[in-house]
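Trainee: Below is a structure I'd like to ask you about.
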Amino acid sequence: MFDKTNCASCENIDCLTRCQWIVIDKETARIEKEKMNNGEDSFVLKECVTCFACDEYCPYNSHPFDLITELQEKYNSYNIHPRMLKTAINNFKPHDQLRLKEIDPEKQVLNKCAFPKQNAKNMEGQLFENLQYVSGLSYFCNLLYHHLAKDSVIRERAPIIIDNIRKQGIKEMICFHEECYGFYASYCSRNNIELPKDFKPIHLYEYLYNYLKDHEAEIKKLGMKMAYQRSCSNRFIPETDKWVDKICDLIGVERVSREYDRENALCCSAAFTALGKGNLVEPTQNRNIKDMLDHGAEVCVFTCPQCKETMGSKVESKGLKSYLLSDLCRLSLGEELGY
Ligand code: SF4
Ligand code: SF4
């Protein structure tokens, strides 16, 4: 939930002046922020590409994107075709009639999310095969509706999803998707949505790192130079980015120090077309990939399968191999990837 307490004394209005997508000077940023803080419309709402970076840029952890997404819905800023929106909303409706699985509540459970088939090959091998798992729409976090200015859908469905976790008796859940982890670790807590008391989400990278540490003797250093593509969801949980560096150290991968990484990461552009900003896709991806090549990367590593889906073939057409970070972990353990 957005907290405007510190906005009046905020010197740089970082949430807007650091935005990579909106050209705005400090004075205009102050005026537009004030308008939005008062619940009014602003050109910012239309120009925003929903990259979530402002949440990370705010020095007071005030979650400005929570206000932006709420107002985008209020003012229908993107004017997305109602039929398309309705289909997108209905497609991912969680099932409230849950078919319970037999799981051991004392062991960790992998949440394969709503698209387990799409990433089935990425969840093979020793890192995943011994984990019990859940999957499907009953456990789908729904945060994707932030890209369609429909925060109300996330709020409405959150209790259903959380109730499914409670019914299934999951205590420690490894989230294959960063977005899913962000839902439990950030969205719910900042929006006062209560999680079961004994429930703990686990970021995939924390699990991978611990597994690799336990099998350190089996690791073959890969000696690769990697361009890392952060996900938009990571903006809500930037503290987890440290796991990328720790895993890279273990598996012998150099994360190249490029312009569009870390706080200056560039959105993959997956949502641009739906938001009526299709003209930005090509130039954004081109400058991102050029930056990877200019900094000597040999592989491009994604954390989000949707980013990989959006950019992967283009990255490969420029001569870079594309992977998820878990794929590199599997390679370092001597596994062949079945794709
Ligand atoms: S949301 Fe954060 S960065 Fe933006 S004006 Fe308020 S305190 Fe400053
Ligand atoms: S979500 Fe991204 S594009 Fe939108 S205002 Fe924040 S930083 Fe700018």
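Trainee: Can you list the lysines whose alpha carbon sits under 27 Å from that of LYS107, skipping same-chain ones fewer than 8 residues off?
Mentor: Within the straight-line cut-off, LYS107 pairs with LYS117, LYS121, LYS167, LYS171, LYS197, LYS200, LYS213, LYS242, LYS246.
Trainee: Have a look at ASP14, ASP163, ASP104 and tell me which one the Gaussian network model of the chain (Cα, springs below 10 Å) gives the largest fluctuation.
Mentor: ASP104
Trainee: What does the helix-only formula give at 222 nm for the chain: each DSSP H stretch with n ≥ 4 adding -39500 (n - 2.57), the total divided by the residues, and the result rounded to the nearest 500 deg cm²/dmol?
Mentor: My calculation for the chain gives -11000 deg cm²/dmol from helical runs alone.
Trainee: Can I ask one more? Considering amide H positions built from the backbone, and no H for Pro or chain starts, which residues 5 or more places from LEU324, or on another chain, come under 5 Å of its amide H?
Mentor: For LEU324, the qualifying residues are PHE302.
Trainee: Relative contact order for the range 180-339: what is it in percent, counting Cα pairs under 8 Å that are at least 6 residues apart?
Mentor: Across the range 180-339, relative contact order equals 25 percent.
Trainee: Tell me, what is the percent relative contact order of the range 14-74, built from C-alpha pairs under 8 Å that lie six or more residues apart? Mind dumping the intermediate values first?
Mentor: Numbers: 56 pairs, mean separation 23.1, N = 61.
Once divided by the residue count of the range 14-74, the mean separation gives 38 percent.
Trainee: For PHE92 and LYS321, calculate 0.36 nm times their separation in residues minus their Cα-Cα distance, and state this gained length in nm to one decimal.
Mentor: Separation in residues times 0.36 nm, less the Cα-Cα distance, equals 79.3 nm.
Trainee: Counting other beta carbons within 10 Å of each residue's own, what order do ARG155, ARG287, ARG30 fall into, fewest first?
Mentor: ARG287, ARG155, ARG30
Trainee: If you plug each phi of the range 255-268 into the Karplus form 6.51 cos²θ - 1.76 cosθ + 1.60 with θ = phi - 60°, what whole-Hz ³J(HN,Hα) values come out, in order, with x for Gly and Pro?
Mentor: Per-residue couplings from phi come out as 7, 5, 8, 10, 5, 9, 10, 6, 5, 9, 4, 10, 4, 5 Hz.
Trainee: Among rounded, prolate and oblate, which fits the range 38-192 when a ≥ b ≥ c are the square roots of the eigenvalues of its C-alpha gyration tensor, a/c under 1.5 means rounded, and a/b larger than b/c means prolate?
Mentor: prolate
Trainee: Modelled label-to-label distance, ASN210 and GLU40, 7 Å Cα→beta-carbon offset: nm?
Mentor: About 5.0 nm separates the two model spin labels.
Trainee: Continuing with this model, one more query. May I ask you to list the residues of the range 248-290 whose amide nitrogen lies under 17 Å from a point 7 Å from Cα along the Cα→beta-carbon direction of ASN79?
Mentor: So the set is 273-279.
Trainee: Calculate, for GLU102 and LYS225, the FRET efficiency according to 1/(1 + (r/R0)^6) with r their C-beta to C-beta distance and R0 51 Å; round to the nearest 0.05.
Mentor: 0.70
Trainee: Also, quick follow-up: Arranged by the count of other C-beta atoms within 10 angstrom, fewest first, what order do VAL253, VAL299 take?
Mentor: VAL299, VAL253
Trainee: Please report, to two decimal places, log10 I(q)/I(0) for the range 31-113 at q = 0.19 Å⁻¹ as given by the Debye formula with identical point scatterers on the Cα atoms and no solvent.
Mentor: -0.92
Trainee: ASP3 to GLU259: FRET efficiency via 1/(1 + (r/R0)^6), r the Cβ-Cβ distance, R0 35 Å, to the nearest 0.05?
Mentor: So, using R0 = 35 Å, E works out to roughly 0.65.
Trainee: Pairs of Cα atoms under 8 Å, at least six residues apart: use those to get the relative contact order of the range 252-339, whole percent. Don't skip to the answer; put the middle values down first.
Mentor: Details: 74 pairs, mean separation 21.1, N = 88.
Relative contact order comes out at 24 percent.
Trainee: In the Gaussian network model of the chain, springs joining C-alpha atoms below 10 Å, which of ASP327, ASP25, ASP66 carries the largest mean-square fluctuation?
Mentor: ASP25
Trainee: Choose one answer from LEU324, LEU280, LEU137: the residue with the largest mean-square fluctuation in a GNM of the chain with alpha-carbon springs under 10 Å.
Mentor: Highest fluctuation among the options: LEU280.
Trainee: Okay, moving on. Expressed in whole Å with the largest first, what are the equivalent ellipsoid semi-axes of the range 179-311 derived from the C-alpha gyration tensor as the square root of 5 times each eigenvalue? Kindly include the intermediate steps, with their values, before the conclusion.
Mentor: Values: eigenvalues 134, 119, 21 Å².
One finds semi-axes of 26, 24, 10 Å for the range 179-311.
Trainee: Counting only residues 5 or more places away or on other chains, whose amide H sits under 5 Å from the amide H of VAL109 once H atoms are built in the peptide plane?
Mentor: Result for VAL109 returns GLU172, MET173, ILE174.
Trainee: Classify the chain: rounded, prolate or oblate, from the alpha-carbon gyration tensor (a ≥ b ≥ c, eigenvalue square roots; a/c under 1.5 rounded; otherwise prolate if a/b is larger than b/c)?
Mentor: Taking the square roots of the gyration eigenvalues as a ≥ b ≥ c, the chain is oblate.
Every number in this text was worked out from the coordinates using simple rules, so none of it is lab data. Note that the coordinates shown come from a computational prediction; the quantities given were computed from them, not determined experimentally. Glycine gets a Cβ as well: all are built from the backbone with ideal geometry, and neighbour counts include every protein chain shown.
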